[in-house]
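Remarks on the structure that follows.
The values are calculated or read from the model by the stated rules, or taken from the named source; none is laboratory data. Because the structure is a prediction, the values reported are computed rather than measured. Positions of Cβ are backbone-derived with ideal geometry, glycine not excepted, and every protein chain shown enters the neighbour counts.
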Amino acid sequence: MTTTPAVFLDRDGTLVEPRHYPTRPEDLILYPTIAPHLQQLRQDGFRLVVITNQSGIARGLFSEDDLTRMHDDLRLRLRRLGVEIDGFFHCPHHPEGVIPELAIACYCRKPEPGLLLAAATALDLDLTRSWFIGDILNDVEAGNRTGCRTVLVDLGTESPPESPSRTPHYVARDTEHALRIVRAVERRGPAVDTSYLPSSWLPNQTAGERLVGRSA
Ligand SMILES: [Mg+2]
Ligand SMILES: [Zn+2]
């Protein structure tokens, strides 16, 4: 029986700062305050798994070897901060890619669930006890489709979800807040505000009215 839960993390915009097609290790800038929370979750029994779309490979912008170098470096930097990553899983495909064998509509590019299912098989994970944290609704959909609980990190890019499959269980101000939410819901950390929503998702209000509503 599989009993190991995971916290799945999107890479770009979630684990590291958003950048346009990073290609070198130094392009991946870790968010500075998240390591202690990741370390705590792993100590509490969660595997930490990075799930990332890397269509830059299909587009010919960088190679599998470049990606391996980036992820080896990121793994080492996190290890020095006390955080062990259990796996990196990436999708190299894109239908509009320039490398013919990668220019396909695959089953692993999020919102498709393939990477999560592959990770669950490889690492013997219980998806229904797992979490997916990502900064776009395609992350949320991949998590929801595989039975994970989902947290959207609000980078201000996402419109309100138009279907239940794309609706996150929680929305966080940033990745640290997302990790705090997971720890609180799992009763592994202090209580935290879980009512946050992106301002563009709130009903038509002026900013002032919104603030009044918040303080009530
Ligand atoms: Mg992202
Ligand atoms: Zn793929």
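A few points about this structure:
- Just one of the listed residues (Thr150, Thr175, Thr146) is under 18 Å from Val49 (Cα atoms), without any contact (Cβ under 8 Å) to a residue 24 or more places away in the chain and either within 16 Å of ligand 2 (Cβ to nearest atom) or not aromatic (Phe, Trp, Tyr) (or both), namely Thr150.
- Selection over the range 149-179 of residues that are aliphatic (A, V, I, L, M) and in a loop (DSSP other than H, G, I, E, B) gives a count of 1.
- As a summary of the residue check, Ala120 satisfies the conditions (1) closer than 28 Å to Ser63 by Cβ; (2) within 16 Å of ligand 1 (Cβ to nearest atom); (3) buried (at least 16 other Cβ atoms within 10 Å of the Cβ); (4) of a type outside the set (D, E, K, R) except for the one numbered (2).
Per-residue answers, yes or no, for (1) surrounded by 23 or more Cβ atoms within 10 Å (Cβ to Cβ); (2) of a type in the set (Lys, Arg); (3) within 16 Å of ligand 2 (Cβ to nearest atom):
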site	(1), (2), (3)
Val7	yes, no, no
Glu17	no, no, no
Gln40	no, no, no
Phe46	yes, no, no
Gln54	yes, no, yes
Arg59	no, yes, yes
Phe62	no, no, yes
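- Hey, Tyr107 hydroxyl-bearing (Ser, Thr, Tyr), part of a loop (DSSP other than H, G, I, E, B), surrounded by fewer than 19 Cβ atoms within 10 Å (Cβ to Cβ) and within 16 Å of ligand 2 (Cβ to nearest atom) or not: yes
- When Arg75, Arg42, Arg19 are checked against the criterion of being part of a loop (DSSP other than H, G, I, E, B), closer than 28 Å to Asn144 by Cα and either within 12 Å of ligand 1 (Cβ to nearest atom) or modelled with pLDDT of 95 or more (or both), a single residue qualifies: Arg19.
- Flag set for Glu176, criterion: closer than 20 Å to Tyr31 by Cα and of a type outside the set (A, V, I, L, M, F, W, C).
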